[in-house]
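To start, the structure itself, in structure tokens.
The values are calculated or read from the model by the stated rules, or taken from the named source; none is laboratory data. Computed from a predicted structure; not experimentally measured. Here the Cβ positions follow ideal geometry from the backbone for every residue, glycine too, while neighbour counts run over all protein chains shown.
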Amino acid sequence: MRLDKFITYAGLSRSEAAAAIKAGRVAIDSIIAKNPAEKVSNSALVMLDGAVVDGSEFVYLLMNKPAGYVCEANRPDSVFTLLPKIYAKRKLSVCGRLDKDTEGMLLISDDGDFVHRIISPAKHLPKVYFVRLQYAVTESDIRGFESGLEIDGGDICRPAKIQTTVVPEEAFVTISEGMYHQIKRMFLAVKNEVLYLSRVRTGSLSLPADLPRGETIRLTPEETARIFH
Ligand code: URA
């Protein structure tokens, strides 16, 4: 790949990249590179202003979102403030927002097709949430969720599955869409209330149990593919 193209992955336009190279701000394997057309090998370490440039076209990130952060950008309490600085220049989007008080699996990427495949209502990708409720789950709740619940505002949900646990007030809920506050509204529709909510799985990829809250990992191509299988 040409050096000026490589530098665009740091968030610069092609002409800004060429100017940065000519100004001596770019090094390949610790040697200042002055030619924007120079070819960069796959094993080269490229730095701009002393910071390593990640030459991947797209990144696929998984954050264990803590409560207290919103999914909108440009706010002091944004989840984007929790990301490692190396991703700061990328045009990242969250794949399916979580509420401020919801925790768990947040996928973030700059690959528009990938984001679309996750959030598109037509794809019906299953998402699993762990819920702690005010009251115990009932058989009637399970049947209601399975048959397609009507929630406030008249929206009809696609069939959803409740998997109970040994704790009567705790369960796993699988939905295959992502309406605004959907899980909370579904439980309100059966006269219950969500006290705690965490997304634990998207498609076939689970939130790693050892990923601390607030931390982000980069998904491997295998993990990224697993989401859709
Ligand atoms: N459903 C909700 O109610 N909130 C979320 O954050 C995600 C799903």
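A Cβ distance below 6 Å, combined with a sequence gap of six or more or placement on separate chains, defines the contacts here; from the stretch 177-188, residues that are not assigned by TED's automatic domain parsing to the domain that holds CYS157 reach no residue that is more than 6 Å from the ligand (Cβ to nearest atom) and at pLDDT 95 or above.
Determine, yes or no, whether GLN163 is within 13 Å of the ligand (Cβ to nearest atom) and either free of Cβ contacts under 8 Å to residues at least 40 places away in the same chain or surrounded by fewer than 18 Cβ atoms within 10 Å (Cβ to Cβ) (or both).
Values: within 13 Å of the ligand (Cβ to nearest atom): no; either free of Cβ contacts under 8 Å to residues at least 40 places away in the same chain or surrounded by fewer than 18 Cβ atoms within 10 Å (Cβ to Cβ) (or both): yes.
For GLN163, the condition - within 13 Å of the ligand (Cβ to nearest atom) and either free of Cβ contacts under 8 Å to residues at least 40 places away in the same chain or surrounded by fewer than 18 Cβ atoms within 10 Å (Cβ to Cβ) (or both) - is not met.
Is the stretch 133-153 home to any residue that is more than 30 Å from ALA51 (Cα to Cα), under 16 Å from the mean Cα position of the chain (by Cα) and in a strand (DSSP E or B)? No, every residue in the stretch 133-153 fails to be more than 30 Å from ALA51 (Cα to Cα), under 16 Å from the mean Cα position of the chain (by Cα) and in a strand (DSSP E or B).
The residue list PHE145, PHE114, PHE130 contains one member that is crowded, with 17+ Cβ neighbours inside 10 Å, in contact with a Pro (Cβ under 9 Å, 6 or more places away or on another chain) and either at pLDDT 95 or above or not assigned by TED's automatic domain parsing to the domain that holds GLU169 (or both), which is PHE145.
Each row is one residue, and each column tells you yes or no for (1) in contact (Cβ under 8 Å) with a residue 12 or more places away in the chain; (2) more than 14 Å from the ligand (Cβ to nearest atom).
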{"position": "VAL131", "(1), (2)": "yes, no"}
{"position": "GLU139", "(1), (2)": "no, yes"}
{"position": "PHE145", "(1), (2)": "yes, no"}
{"position": "LEU149", "(1), (2)": "yes, no"}
{"position": "GLU170", "(1), (2)": "yes, yes"}
{"position": "LEU197", "(1), (2)": "yes, no"}
{"position": "ARG213", "(1), (2)": "yes, yes"}
{"position": "GLU222", "(1), (2)": "no, yes"}
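Condition check for VAL166 on (1) within 21 Å of GLY96 (Cβ to Cβ); (2) assigned to a loop (DSSP other than H, G, I, E, B): one failure, at (1). Filtered by the rule that a residue be in a strand (DSSP E or B), of a type in the set (A, V, I, L, M) and more than 16 Å from the ligand (Cβ to nearest atom), the stretch 83-109 gives no residues.
I'm trying to understand the selection: among the residues of the stretch 169-185, which are part of a loop (DSSP other than H, G, I, E, B), surrounded by 15 or more Cβ atoms within 10 Å (Cβ to Cβ) and hydroxyl-bearing (Ser, Thr, Tyr)?
Passing the criteria: only SER176.
Listed conditions (1) touching a helix residue (DSSP H, G or I) at 6+ places or on another chain (Cβ under 7 Å); (2) at pLDDT below 95; (3) polar (S, T, N, Q) are all met by THR220, apart from (1).
For the stretch 13-26, the criterion of being in contact with a strand residue (DSSP E or B) (Cβ under 9 Å, 6 or more places away or on another chain), in a loop (DSSP other than H, G, I, E, B) and at pLDDT 95 or above is met by at least one residue.
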